[in-house]
Amino acid sequence: MGTVTNRRAFLSARMLRRKSDVIRPPGAIEDRFDDLCSACGDCAQACPEEIIAFGQDGYPFVQLQTSPCTFCGECARSCATGALEVDHMDAWPWRARVENTCLSLNGVSCRVCHDSCDHDAIRFKLQLGGRAQPVLDRDACAGCGACAASCPAGAIALERQSEHQSKAAQ
Ligand code: SF4
Ligand code: SF4
Ligand code: SF4
């Protein structure tokens, strides 16, 4: 019995972790999203960048690996249920993270992410052996995903900024 309970707890913890990895459209009321969102698809229809898709859970998410989000707010304005709120768009918690597969980190000259970032949030630190390490300025990063969409190595992911990091940045 104890084993079953532990397994259930483990599985539900995994589901929660996976849910928190999903990038909901800007303005999402995340703690009540499943209750508020009717999965009507209006946000996806409204997005001029066509970056809102529907996941296996039936709810919308943003694919920043294909095109950046301009934070135009059309998705939130189109939402009739209150699952997305324009006033809540400032709470966007996502920031870029460069993975080890970065070309520049591995000695191949590349500055595409720097060039695509309108916020000047990525600089390079020269290292030995012709390598250069991309360094992200989390305060400057808007989490738009322009770098991720343009990276030829697919080496940029968007990760949730933790509460601790948000407070440290204030
Ligand atoms: S804010 Fe604009 S670009 Fe970003 S997901 Fe919403 S509709 Fe699309
Ligand atoms: S665009 Fe991608 S591969 Fe190029 S430097 Fe940036 S993270 Fe590295
Ligand atoms: S997510 Fe946007 S603001 Fe942040 S580093 Fe990438 S391009 Fe710049």
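The values are calculated or read from the model by the stated rules, or taken from the named source; none is laboratory data. A quick note: this is a predicted structure, and the numbers were derived from the prediction, not measured. Methodologically, a virtual Cβ is constructed for each residue, glycine included, from the backbone with ideal geometry; neighbour enumeration extends over all protein chains shown. Keep in mind that these areas ignore ligands, DNA and RNA; they rest on the heavy atoms of the full protein, side chains included. Shrake-Rupley method; radii C 1.70, N 1.55, O 1.52, S 1.80 Å.
Count charges around Arg97 for me, please; just the other residues with Cβ under 12 Å from its Cβ, Lys/Arg as +1, Asp/Glu as -1.
My count for the surroundings of Arg97 gives +1.
Whenever you get a sec, compute what percent of the accessible area on segment 21-91 sits on carbon and sulfur atoms (1.4 Å probe).
Numbers: 1710 of 3880 Å².
For segment 21-91, the apolar C and S fraction of the accessible surface comes to 44 percent.
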> Share of segment 105-167's accessible area from carbon and sulfur, percent, 1.4 Å?
Replying inline: 50
> Once label points are set 7 Å from the Cα along Cα→Cβ at both Asp57 and Asp115, what is their separation, rounded to one decimal in nm?
Replying inline: 3.7
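What dipole magnitude, in Debye to the nearest 20, does segment 21-91 give about its Cα centre under +1 on Lys/Arg Cβ and -1 on Asp/Glu Cβ?
On the way: 3 positive and 13 negative charges, 32 e Å.
Around 160 debye, computed over segment 21-91.
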>> Using DSSP to call loops (not H, G, I, E or B), can you name the trypsin sites (Lys or Arg not before Pro) in segment 58-126 whose Cβ has at most 15 other Cβ atoms within 10 angstrom?
In response: Arg111
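Do any chymotrypsin sites (Phe, Trp or Tyr not before Pro) in segment 51-152 lie in a loop, going by DSSP, with at most 16 other beta-carbon atoms within 10 Å of their beta carbon, and if so which? Provide the component values of the computation, followed by the final result.
Values: sites: Phe54, Phe61, Phe71, Trp94, Phe124; in loops: Phe71.
Answer by residue number: Phe71.
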> Summing +1 for each Lys or Arg and -1 for each Asp or Glu, what net charge is found among the other residues whose Cβ lies under 14 Å from the Cβ of Gly27?
Replying inline: -4
> ³J(HN,Hα) across segment 21-34 via Karplus (A = 6.51, B = -1.76, C = 1.60, θ = phi - 60°), whole Hz, x for Gly/Pro?
Replying inline: 8, 7, 8, 6, x, x, x, 5, 8, 5, 6, 10, 4, 4
> How big is segment 21-91 by the Kirkwood estimate over distinct Cα pairs, in Å?
Replying inline: 11.8
